[in-house]
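Remarks on the structure that follows.
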Amino acid sequence: MSENKNTSCIFCKIARGEIPSYKVYEDNEILAFLDINPASRGHTLVVVKEHVDDVTKCPRHLLDRAFEVAQMIAQAMVSQLGADGVNILTNAGEVAGQSVPHFHIHVIPRYINDGLKLTFPPKQLENKEMEDLKDILNKAL
Ligand code: AMP
């Protein structure tokens with residue numbers, strides 16, 4: 001599963017060791033390294049070594065492994081970096097802010113007064129639309 005043949009993808013190159021990175025964790029399936037443009041002190045990316053475009057395409061086993069590693073890193077951020085909290089998130093698709101089309105999880109340690117704002121301005125939806133949305137998603141699952 002650690003085989004990685006994508007030639008142009010920057011995270012594939014990092015996974016193959018062709019581009020340097022500040023490695024935080026590595027095993028045969030998963031690599032974690034510091035984000036080159038950190039949103040906070042210790043901001044880390046967890047990637048699956050095999051090329052997978054985004055979270056929606058990721059095989060379940062690798063998804064489980066990636067989030068397992070993300071959780072371990074989040075715990076280390078709290079215990080070793082003195083983080084007061086952690087954001088764990090992944091962007092899927094350009095419209096969602098994904099700039100590198102290789103599945104990765106951001107693990108962002110948060111510190112009191114770090115000034116970082118990850119806000120979700122609320123949309124007002126009618127009750128009927130909320131019901132419909134719930135039904136559509138519920139039926140698909
Ligand atoms: P996203 O916008 O969710 O796709 O996140 C991509 C992240 O990759 C950004 O936060 C970038 O700062 C980070 N990034 C891009 N190139 C590198 C690199 N060579 N090493 C480490 N992080 C990188």
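For the residues V86, V78, the requirement of being in contact with a Lys or Arg (Cβ under 8 Å, 6 or more places away or on another chain), over 26 Å from C12 (Cβ atoms) and free of Cβ contacts under 8 Å to residues at least 40 places away in the same chain singles out V86. Every condition in (1) within 13 Å of the ligand (Cβ to nearest atom); (2) closer than 19 Å to N91 by Cβ; (3) part of a loop (DSSP other than H, G, I, E, B); (4) not aromatic (F, W, Y) is met by I14 except one, and the failing one is (3).
Residues are listed down the side, and each one gets a yes or a no for (1) within 16 Å of the ligand (Cβ to nearest atom); (2) among the small types (G, A, S); (3) in contact with a strand residue (DSSP E or B) (Cβ under 7 Å, 6 or more places away or on another chain):
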site: A66; (1), (2), (3): yes, yes, yes
site: S79; (1), (2), (3): no, yes, no
site: H102; (1), (2), (3): yes, no, yes
site: I108; (1), (2), (3): yes, no, yes
site: Y111; (1), (2), (3): no, no, no
site: T119; (1), (2), (3): no, no, no
site: L125; (1), (2), (3): no, no, no
site: L141; (1), (2), (3): no, no, no
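Scanning region 54-92 for residues that are in contact with a Pro (Cβ under 6 Å, 6 or more places away or on another chain) and open to solvent by less than 40 Å² (accessible area, probe 1.4 Å), we see that the one that is farthest from V24 (Cα to Cα) is A83. Within region 39-53, how many residues are surrounded by fewer than 18 Cβ atoms within 10 Å (Cβ to Cβ) and either within 15 Å of I10 (Cα to Cα) or free of Cβ contacts under 8 Å to residues at least 40 places away in the same chain (or both)? Residues that pass the stated criteria total 1. Is it true that some residue in region 113-125 is open to solvent by less than 50 Å² (accessible area, probe 1.4 Å) and among the small types (G, A, S)? Looking for residues that are open to solvent by less than 50 Å² (accessible area, probe 1.4 Å) and among the small types (G, A, S), one finds none in region 113-125, hence no. Any residue at all in region 104-116 that is of a type in the set (G, A, S) and assigned to a helix (DSSP H, G or I)? No, every residue in region 104-116 fails to be of a type in the set (G, A, S) and assigned to a helix (DSSP H, G or I).
The values are calculated or read from the model by the stated rules, or taken from the named source; none is laboratory data. Bear in mind that the values here come from a model prediction, so they are computed numbers and not experimental data. With ideal geometry, Cβ positions are generated from the backbone for all residues, glycine too; neighbour counts draw on all protein chains shown. Please note that ligands, DNA and RNA were not included when accessible areas were found on the heavy atoms of the full protein model with its side chains. Shrake-Rupley method; radii C 1.70, N 1.55, O 1.52, S 1.80 Å.
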